[in-house]
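Take a look at the structure below.
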Amino acid sequence: MDIGNLIRMANRIGDFFAALPDRDEAAEGVANHIQKFWEPRMRHALLDFLADHPDGDAGAQQLHPLVLATVTAQRARLTPRGV
């Protein structure tokens, strides 16, 4: 799984939901989208990346601050079950 591609995808989600005026609603939108539409191995790859890079910095790319905060706070919710 290409983490660079996942970061780009996550950042687009972050950009979309960051436009919402309510920060909690934006974070919920990010978490819902990733939980519903990302397959388990995509979520595992993102969570593994954050375990190795808790600041969300991949060098050439960084996770959107909203995505970083949301995925960090919602790690248990976003961890695929039984995998």
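The values are calculated or read from the model by the stated rules, or taken from the named source; none is laboratory data. On a predicted model such as this, the values are computed, not experimentally measured, just so you know. When we count neighbours, we look across all protein chains shown, and the Cβ atoms used for this are built from the backbone with ideal geometry, even at glycine. SASA here: full protein model, heavy atoms, side chains in, ligands and nucleic acids out. Shrake-Rupley method; radii C 1.70, N 1.55, O 1.52, S 1.80 Å.
Within region 29-64, how many residues are part of a loop (DSSP other than H, G, I, E, B), among the hydrophobic types (A, V, I, L, M, F, W, C) and at pLDDT 95 or above?
Residues meeting the conditions: 2.
Might you check whether a residue that is in a helix (DSSP H, G or I), surrounded by fewer than 13 Cβ atoms within 10 Å (Cβ to Cβ) and among the hydrophobic types (A, V, I, L, M, F, W, C) occurs anywhere in region 66-81?
Yes, region 66-81 contains at least one residue that is in a helix (DSSP H, G or I), surrounded by fewer than 13 Cβ atoms within 10 Å (Cβ to Cβ) and among the hydrophobic types (A, V, I, L, M, F, W, C).
Considering every residue within region 33-40, establish whether at least one is over 11 Å from the mean Cα position of the chain (by Cα) and surrounded by 12 or more Cβ atoms within 10 Å (Cβ to Cβ).
Scanning region 33-40, I find at least one residue that is over 11 Å from the mean Cα position of the chain (by Cα) and surrounded by 12 or more Cβ atoms within 10 Å (Cβ to Cβ), so the answer is yes.
Looking at region 55-65, which of the residues that are among the hydrophobic types (A, V, I, L, M, F, W, C) and more than 11 Å from residue 10 (Cα to Cα) is surrounded by the fewest Cβ atoms within 10 Å (Cβ to Cβ)?
Selected residue: 60.
So which residues in region 12-24 are of a type outside the set (Gly, Ala, Ser), farther than 15 Å from residue 37 by Cβ and either part of a helix (DSSP H, G or I) or open to solvent by less than 90 Å² (accessible area, probe 1.4 Å) (or both), if there are any at all?
Passing the criteria: 15, 20, 22, 23, 24.
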